[in-house]
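The structure under discussion appears below in the form of structure tokens.
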Amino acid sequence: MNIRPLLVRSSLVFCAFGLVACATAPAELVEARKAYEEAAAGETATYAPAELKTAEQTLQLAESSFDDEGDSYQTRALAYTTERRVQAASVIADTYKLRQDKAALEKEYFVYSEEARDAAMKQLASTKNQLAESQRYAESTAAELKKQQDALEAQEKDLADKQAKLEAARKAGELTEAQLREQNEAIKQQQDELNKKNEELAAERKAREEAEKRLADAMNRLSEIAKIDTSAKETIITLGGEVVFKTGESALRPSAREKLNQVADVLLENKGKSIQVVGHTDSQGKRDFNQKLSEDRANTVRTYLIERGVASDRITALGKGQDSPVASNDNATGRTENRRVEIIIQNDNKS
Amino acid sequence: MKDYSCKTLILLCLLAMGGSVFTGCASVTIPSDQYGQPRETIRVVTEMGTDNNPQAKLHLKLANDELENADKLIKQEKKEEAKLSLTRAEADAALALALLKRDEMKSEVDAVQEKLDRLKKQTQELGGNS
């Protein structure tokens, strides 16, 4: 038996198998594998697992096709499809994350709009109080002045009546010259007193107007650098903590002195009224530290205002630490608002 | 007897092979959803418009090209290859659609951010006027 043809045929078959086994994967399959591995190691696996799973199944089909048929049209087509499906899964993962971002922003908008509405309502109430207070003050001042004016007019009328009676009596010969002189002297004295009272009233009115103007000017200047809230009970001047103090310290910034001078001007125009300086902090850091810092800051401001002429028995200092926030401590804007010093003027006179 | 049995056997084998060939040809059908799905996705992408997204535009074109190729292959009775072309067409169309939907979501996020920024600005102005 001639075995040579058999050996040649066997060799050819083995070579063919060898060629198939050693065939290089097509570029599409290499790219598909790489794309899948990157996506599986990243956020796509978290946010688009189902889509990535579909891509994985397609990749497995491509690998099987390559194992069975080598670099065939089917292998390349399946590899191409795998890569597209991986890309689509990554894009879908991005879209999912964007949807989460949108939900977070919508929540923030809702919370912020609630806070803004509350702030607007508070400001409206404060403005209404200020207006009511101004009206009451104007009415009481006008009423008082009218009362004094009426009293003076009554006195003038009374004097005029007395003079008329005297003159009539003189004409009727009922009084002697001496008596007449005496009566006239008394009337003149009363007239002088009346004139003096009129002058005093005018001077008082003028002084009051000037004081009101000075106070209004001082408040206007102050409103450019501080927040002012006025109610029937009190006026609150709020200065930002970072405007007055360095972070974590209770010593005044040099630039803060000018602002506190303006505050002192307002306080000196509000003579006799009780004043309280209150220090506040945000909630970052230890509670004990924040409490002490707020007390030290309040005392620093009190000391400075006394140096500027405010009577020491009118003004007290208090630290409230982090316990009276006016905004949320969850964001930087809110924490900045909470770090503040309030100077509270009681609107009832302490004379 | 022996020759007759061998010939009959050979004939039966040939018939079986031929039958399987015919059966094989007749069994390669393209499911209607595999045929229709890429067309539907392409329609949706075209309606949404790809002018603002060059990448989506490219994949839409690739999908249309593959669809055209699939139709040619079907006419040539190369249905296995046609099925592969349809699969590629659907993958490209689906990617184009995903890109456009991502753009839509980005626009929605930007709109909410703008609304929030506007509200914050208005609130600050109101606070400054107090």
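With respect to A:Val91, determine if the residue is more than 9 Å from chain B (Cβ to nearest Cβ), part of a helix (DSSP H, G or I) and either of a type in the set (Val, Ile, Thr) or in contact with a helix residue (DSSP H, G or I) (Cβ under 8 Å, 6 or more places away or on another chain) (or both). Spell out the reasoning first.
Numbers: more than 9 Å from chain B (Cβ to nearest Cβ): no; part of a helix (DSSP H, G or I): yes; either of a type in the set (Val, Ile, Thr) or in contact with a helix residue (DSSP H, G or I) (Cβ under 8 Å, 6 or more places away or on another chain) (or both): yes.
Against the criterion (more than 9 Å from chain B (Cβ to nearest Cβ), part of a helix (DSSP H, G or I) and either of a type in the set (Val, Ile, Thr) or in contact with a helix residue (DSSP H, G or I) (Cβ under 8 Å, 6 or more places away or on another chain) (or both)), A:Val91 does not qualify.
In the range A:331-351, which residues are farther than 19 Å from A:Gly248 by Cα, in a loop (DSSP other than H, G, I, E, B) and charged (D, E, K, R)?
Correct list: A:Lys350 only.
Can you say whether A:Val277 is within 19 Å of the chain's Cα centre (by Cα) and away from chain B (no Cβ under 14 Å), as far as the supplied structure shows?
no
Take the conditions touching a residue at least 40 places away in the same chain (Cβ under 8 Å), closer than 26 Å to B:Gln55 by Cα and more than 8 Å from every other protein chain (Cβ to nearest Cβ) and apply them to B:Ala94. Does it pass?
no
Count, please, the residues in the range A:265-296 that happen to be under 21 Å from A:Ile345 (Cα atoms) and either at pLDDT 90 or above or not in a helix (DSSP H, G or I) (or both).
The first filter runs over the range A:265-296 and keeps only residues under 21 Å from A:Ile345 (Cα atoms), leaving A:265-281, A:294-296.
Applying the additional criterion that residues be either at pLDDT 90 or above or not in a helix (DSSP H, G or I) (or both) yields A:270-281, A:294-296.
Total meeting the criteria: 15.
When the residues of the range B:50-71 are filtered to those that are touching a residue at least 40 places away in the same chain (Cβ under 8 Å) and not in a helix (DSSP H, G or I), which remaining residue is farthest from B:Glu90 (Cα to Cα)? Spell out how you get there, then give the answer.
Quick first cut of the range B:50-71, residues touching a residue at least 40 places away in the same chain (Cβ under 8 Å) only: B:50, B:52-53, B:55-56, B:59.
Keeping just the survivors that are not in a helix (DSSP H, G or I) gives B:50, B:52-53.
Values: B:Thr50: 17, B:Asn52: 21, B:Asn53: 19 Å.
Restricting to residues being touching a residue at least 40 places away in the same chain (Cβ under 8 Å) and not in a helix (DSSP H, G or I), the top hit is B:Asn52.
So that you can scan it fast, the table gives a plain yes or no per residue for (1) in contact with an Asp or Glu (Cβ under 6 Å, 6 or more places away or on another chain); (2) crowded, with 17+ Cβ neighbours inside 10 Å; (3) not β-branched (Val, Ile, Thr):
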site: A:Arg253; (1), (2), (3): no, no, yes
site: A:Arg257; (1), (2), (3): no, no, yes
site: A:Val263; (1), (2), (3): no, yes, no
site: A:Asn270; (1), (2), (3): no, yes, yes
site: A:Gln276; (1), (2), (3): no, yes, yes
site: A:Lys292; (1), (2), (3): no, no, yes
site: A:Arg302; (1), (2), (3): no, yes, yes
site: A:Ile306; (1), (2), (3): no, no, no
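How about the range B:79-91: which of its residues are touching a residue at least 24 places away in the same chain (Cβ under 8 Å) and more than 7 Å from chain A (Cβ to nearest Cβ)?
Once the filter is applied, which keeps residues that are touching a residue at least 24 places away in the same chain (Cβ under 8 Å) and more than 7 Å from chain A (Cβ to nearest Cβ), the range B:79-91 yields B:Lys79, B:Glu80, B:Ala82, B:Lys83, B:Leu86, B:Ala89, B:Glu90.
Can you say whether A:Thr81 is under 35 Å from the mean Cα position of the chain (by Cα) and at pLDDT 95 or above, as far as the supplied structure shows?
When the stated conditions are applied, A:Thr81 does not pass them.
Out of A:Lys97, A:Lys128, A:Lys146, report the one residue that is touching a residue at least 24 places away in the same chain (Cβ under 8 Å) and on the phi < 0 side of the Ramachandran plot.
Checking each option against the conditions leaves just A:Lys97.
If we scan the range A:196-212, do we find a residue that is closer than 30 Å to A:Thr300 by Cα and at pLDDT below 85?
Looking through the range A:196-212, at least one residue is closer than 30 Å to A:Thr300 by Cα and at pLDDT below 85.
Determine, yes or no, whether A:Asp313 is more than 23 Å from the chain's Cα centre (by Cα) and part of a loop (DSSP other than H, G, I, E, B).
Yes, satisfied.
From A:Lys128, A:Lys147, A:Lys122, A:Lys107, grab the single residue that is outside the structural domain of A:Gly334 (by TED's automatic domain parsing), more than 29 Å from the chain's Cα centre (by Cα) and either over 30 Å from A:Leu61 (Cα atoms) or exposed (fewer than 15 other Cβ atoms within 10 Å of the Cβ) (or both).
The conditions single out A:Lys147.
Could you figure out which of (1) more than 7 Å from chain A (Cβ to nearest Cβ); (2) surrounded by fewer than 21 Cβ atoms within 10 Å (Cβ to Cβ); (3) touching a helix residue (DSSP H, G or I) at 6+ places or on another chain (Cβ under 6 Å); (4) at pLDDT 95 or above isn't true of B:Val109?
So B:Val109 meets the others, but not (1).
List the residue pairs whose Cβ atoms are under 7 Å apart, where the first residue sits in the range A:54-71 and is at positive phi, the second is of a type in the set (Asp, Glu), and the two are 6 or more positions apart or on different chains.
none
Can you tell me which residues in the range A:112-151 are at the interface with another protein chain (Cβ under 10 Å from one of its Cβ atoms) and farther than 20 Å from A:Met219 by Cβ?
A:Tyr112, A:Ser113, A:Glu115, A:Ala116, A:Arg117, A:Ala119, A:Ala120 - these are the residues of the range A:112-151 that are at the interface with another protein chain (Cβ under 10 Å from one of its Cβ atoms) and farther than 20 Å from A:Met219 by Cβ.
Quick one: which residue in A:Leu152, A:Leu98 is among the aliphatic types (A, V, I, L, M) and in the same structural domain as A:Glu193 (by TED's automatic domain parsing)?
Criteria check complete, one pass: A:Leu152.
The values are calculated or read from the model by the stated rules, or taken from the named source; none is laboratory data. These numbers come from a predicted model, not from an experiment. Counting neighbours? That spans all protein chains shown, and the Cβs are built from the backbone with ideal geometry, glycine included.
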